[in-house]
1. Looking at (1) touching a strand residue (DSSP E or B) at 6+ places or on another chain (Cβ under 9 Å); (2) assigned to a loop (DSSP other than H, G, I, E, B); (3) open to solvent by 30 Å² or more (accessible area, probe 1.4 Å), which is the one condition that is false for Pro554?
2. For the stretch 42-59, indicate whether the set of residues that are touching a residue at least 24 places away in the same chain (Cβ under 8 Å), surrounded by fewer than 18 Cβ atoms within 10 Å (Cβ to Cβ) and among the β-branched types (Val, Ile, Thr) is non-empty.
3. Residue check: is Phe677 open to solvent by less than 30 Å² (accessible area, probe 1.4 Å), part of a loop (DSSP other than H, G, I, E, B) and among the aromatic types (Phe, Trp, Tyr)?
4. Somewhere in the stretch 93-101, is a residue open to solvent by less than 70 Å² (accessible area, probe 1.4 Å), free of Cβ contacts under 8 Å to residues at least 24 places away in the same chain and assigned to a helix (DSSP H, G or I)?
5. Tell me yes or no: at least one residue of the stretch 345-366 is under 25 Å from Pro228 (Cβ atoms) and among the polar types (S, T, N, Q).
6. Given (1) open to solvent by less than 50 Å² (accessible area, probe 1.4 Å); (2) under 30 Å from Arg8 (Cα atoms); (3) touching a helix residue (DSSP H, G or I) at 6+ places or on another chain (Cβ under 9 Å); (4) of a type in the set (Val, Ile, Thr), where does Ile106 come up short, assuming only one miss?
7. May I ask you to say which residue of Lys58, Lys77, Lys36 is out of contact with any Cys (no Cβ under 9 Å at 6 or more places or on another chain), at pLDDT below 95 and either under 30 Å from Ser142 (Cβ atoms) or basic (Lys, Arg) (or both)?
8. Would you call Ser60 out of contact with any Phe, Trp or Tyr (no Cβ under 9 Å at 6 or more places or on another chain) and small (Gly, Ala, Ser)?
Amino acid sequence: MPDDRAARTTVVRGAGPHDCPDTCALLTTVEERDGKPVAIRIAGDPEHPTTRGALCTKVSRYLERTYHPERLLHPMKRVGRKGEGRFVRVSWEEALTDIAARLQEIAARDPQRIVPYSYAGTMGVVQGEGMAARFFHKLGASLLDRTICASAGAEGLTATLGLRTGPAMEAFADAKLIVFWGANAIASNLHLWTFAQEAKRKGAKLVCIDPYRSLTAEKCHQHIALLPGTDGALALGIAHVLIRTGWLDRDYIERYTLGFELLAERAAWYDPARVAALCGITAAEVEQLAHDHWHIRPAAIRLNYGMQRARGGGNAVRAVASLPALAGHWRDAAGGVLLSCSGMFNWNRAAVQRPDLLAGRTPRTINMSTIGNDLLAADPPIEALIVYNSNPVAVAPESAKVAQGFAREDPFTVVLEHFQTDTADYADYLLPATTQLEHTDLHGTYGHLYALANDPAIAPLGEALPNSEIFRRLAAAMDFTDPCFADSDDAIAAQALPAAGPLGETCWDELKQSGWQRLDVPERYAPFAQGGFGTPSGKCEFTTATLPAPDYLPPYEGPTSNAELAARYPLAIISPPARNFLNSSFVNVQSLRDTGGEPTLEIHAQDAAARGIADGERVRVFNDRGSFTLAARVTDRARPGVAVALSIWWRKLARDGKNANEVTSQALTDLGRAPTFYDCLVQVARAD
């Protein structure tokens with residue numbers, strides 16, 4: 001008897017939406033059941049040159065997330081106190097009418113008292129800041145400085161190279177030296193790791209620079225466990241050795257760089273002995289890194305964002321980004337430094353986000369990284385918050401202040417979400433948003449050179465709506481009549497693709513048909529082989545019109561900058577991503593949380609013994625900002641003097657209702673106004 005199941009099955013092309021450099025090409029198998037499409041399988045596209053059929057542990061469970069029994073499927077209105085998480089179901093009409101009335105009342109007095117809060121819950125052009133940006137521009141709401149992840153590194157990289165780009169992901173397979181600098185690729189850049197493994201099989205040397213012996217560090221030939229926040233000193237130490245020994249591509253420096261003499265003067269202060277003392281490593285490690293960077297060619301550095309989450313993060317990125325130009329590694333497609341290639345996706349953002357709707361107004365800007373302080377002390381005060389694509393109560397620094405601010409009866413808070421997160425518990429209205437399988441979107445990436453289209457594989461579950469449709473309906477409720485608020489998602493995606501843009505002449509309809517396409521760049525992509533930097537001078541700028549040569553800025557919280565604080569709180573704490581979570585996404589997927597167990601603090605045996613802490617005991621981590629408790633894991637994966645709490649757990653899923661952001665600070669970086677999550681001192685003690 002013939003099996004007609006195949007006849008009822010289709011495969012839909014999509015894209016990984018999360019804050020991940022890999023942005024996978026997805027294939028979702030859909031089966032018709034009782035007249036409705038049901039997603040039954042999700043897989044990586046084997047033909048996509050970077051995905052190559054593989055998905056990480058997280059995204060491979062995406063169906064479990066989409067069909068999660070706790071999905072928000074209907075608009076909800078708060079009935080308890082803020083933070084209690086008590087809601088009743090209401091209709092879309094009731095919710096939108098009430099929200100519009102509240103926003104109109106506030107906007108009539110001062111629209112800047114309304115603040116959007118969003119980040120990268122989806123990286124899509126349409127469902128991210130498409131219709132949402134139009135809505136807030138028309139309203140005249142406060143602008144949001146979206147700094148919480150990457151702005152220090154982005155500003156440092158752009159100052160040096162003029163463009164956020166680097167070697168293609170596939171080119172790492174041809175590198176002879178690969179340095180993972182603050183990058184745990186196995187956990188957060190899996191597909192680049194597969195290319196690094198190809199290089200390793202061909203004889204490449206792999207080095208990992210990280211305070212923590214991560215999964216990636218364990219698989220590399222060498223692990224350099226420096227102290228958090230000292231990466232800039234190490235980079236300048238490498239430059240010192242290159243200059244001292246004459247290991248320089250002088251022709252490249254002469255033709256394609258600016259400010260070499262001033263960089264050399266700066267690097268002269270950072271001899272290996274001094275760098276070793278600052279970084280907590282050996283002078284021999286500094287010398288060896290410099291030796292390898294010159295003699296093993298081509299050399300590629302995979303720089304990631306963890307290392308820029310300290311006071312001097314922007315300068316540190318500038319220093320690291322200077323190294324390939326000193327040694328001439330940009331000449332080869334497999335050489336250089338990759339932090340982000342997002343600058344290659346030059347979408348027509350003005351057409352998508354419509355800043356012209358501000359009509360000459362210049363609203364204030366709120367920094368998302370200081371939302372804890374701003375909720376409590378901004379002037380004029382924040383009276384309304386619209387949160388989408390983010391979970392600030394869990395992810396923003398100094399979370400006790402963030403929760404305190406959200407707990408106020410004023411501001412009026414609306415949250416667009418898939419689940420009842422920590423932030424959702426404080427909402428006045430919860431609005432159910434679609435997942436990636438239920439809406440249309442356009443995706444660039446920051447880790448490879450392929451644009452992707454996302455088609456909806458299934459109809460929205462329950463009454464969930466795409467972010468774009470929620471803001472479209474809210475605009476109508478606010479009586480916004482500009483034609484742009486009637487644009488469909490396909491129309492917005494099409495507007496993002498200018499003629500002769502990043503995909504050449506390819507239009508949105510063609511991209512949807514193919515699913516993905518490489519950017520309009522040469523097959524052998526060596527962006528700066530012959531200069532052509534995006535800086536004002538067209539050169540790699542070691543110094544700029546406004547910035548001197550990069551320097552090392554010690555952490556705000558450390559023995560060299562604050563000895564009294566370091567005496568009371570002698571351990572540096574970092575909270576890198578857990579392998580099975582992605583920021584605060586996936587934490588509520590039971591199978592992934594079961595793998596992670598419960599929150600743990602990894603602490604070196606030497607530090608544990610000094611505190612009488614045994615493996616498995618509950619410990620309290622604390623400083624002047626707050627405290628949280630979790631189980632101790634005594635291990636040599638954490639270097640002495642550093643404690644590691646893999647993150648980011650939802651607060652309410654932790655035993656004490658807190659996470660690592662209880663102790664982090666709202667101090668900002670040297671460049672980019674970014675948070676300093678890894679510039680944090682604590683003490684650890686047995687929990688009573």
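1. Of the numbered conditions (1) touching a strand residue (DSSP E or B) at 6+ places or on another chain (Cβ under 9 Å); (2) assigned to a loop (DSSP other than H, G, I, E, B); (3) open to solvent by 30 Å² or more (accessible area, probe 1.4 Å), the odd one out for Pro554 is (1).
2. Within the stretch 42-59 (the criterion being touching a residue at least 24 places away in the same chain (Cβ under 8 Å), surrounded by fewer than 18 Cβ atoms within 10 Å (Cβ to Cβ) and among the β-branched types (Val, Ile, Thr)), the answer is yes, since at least one residue qualifies.
3. Details: open to solvent by less than 30 Å² (accessible area, probe 1.4 Å): yes; part of a loop (DSSP other than H, G, I, E, B): yes; among the aromatic types (Phe, Trp, Tyr): yes.
Against the criterion (open to solvent by less than 30 Å² (accessible area, probe 1.4 Å), part of a loop (DSSP other than H, G, I, E, B) and among the aromatic types (Phe, Trp, Tyr)), Phe677 qualifies.
4. Step one: filter the stretch 93-101 for residues open to solvent by less than 70 Å² (accessible area, probe 1.4 Å), giving 95-96, 98-101.
Retained after the next criterion (residues that are free of Cβ contacts under 8 Å to residues at least 24 places away in the same chain): 101.
Filter once more, keeping what is assigned to a helix (DSSP H, G or I): 101.
Within the stretch 93-101, one or more residues are open to solvent by less than 70 Å² (accessible area, probe 1.4 Å), free of Cβ contacts under 8 Å to residues at least 24 places away in the same chain and assigned to a helix (DSSP H, G or I).
5. no
6. Here Ile106 clears every test but (2).
7. Values: Lys58 fails: out of contact with any Cys (no Cβ under 9 Å at 6 or more places or on another chain); Lys77 fails: at pLDDT below 95.
From the options Lys58, Lys77, Lys36, the qualifying one is Lys36.
8. Working: out of contact with any Phe, Trp or Tyr (no Cβ under 9 Å at 6 or more places or on another chain): yes; small (Gly, Ala, Ser): yes.
It is true that Ser60 is out of contact with any Phe, Trp or Tyr (no Cβ under 9 Å at 6 or more places or on another chain) and small (Gly, Ala, Ser).
The values are calculated or read from the model by the stated rules, or taken from the named source; none is laboratory data. A quick note: this is a predicted structure, and the numbers were derived from the prediction, not measured. Glycine gets a Cβ as well: all are built from the backbone with ideal geometry, and neighbour counts include every protein chain shown. These area figures cover heavy atoms from the full protein model, side chains too; ligands, DNA and RNA do not enter into them. Shrake-Rupley method; radii C 1.70, N 1.55, O 1.52, S 1.80 Å.
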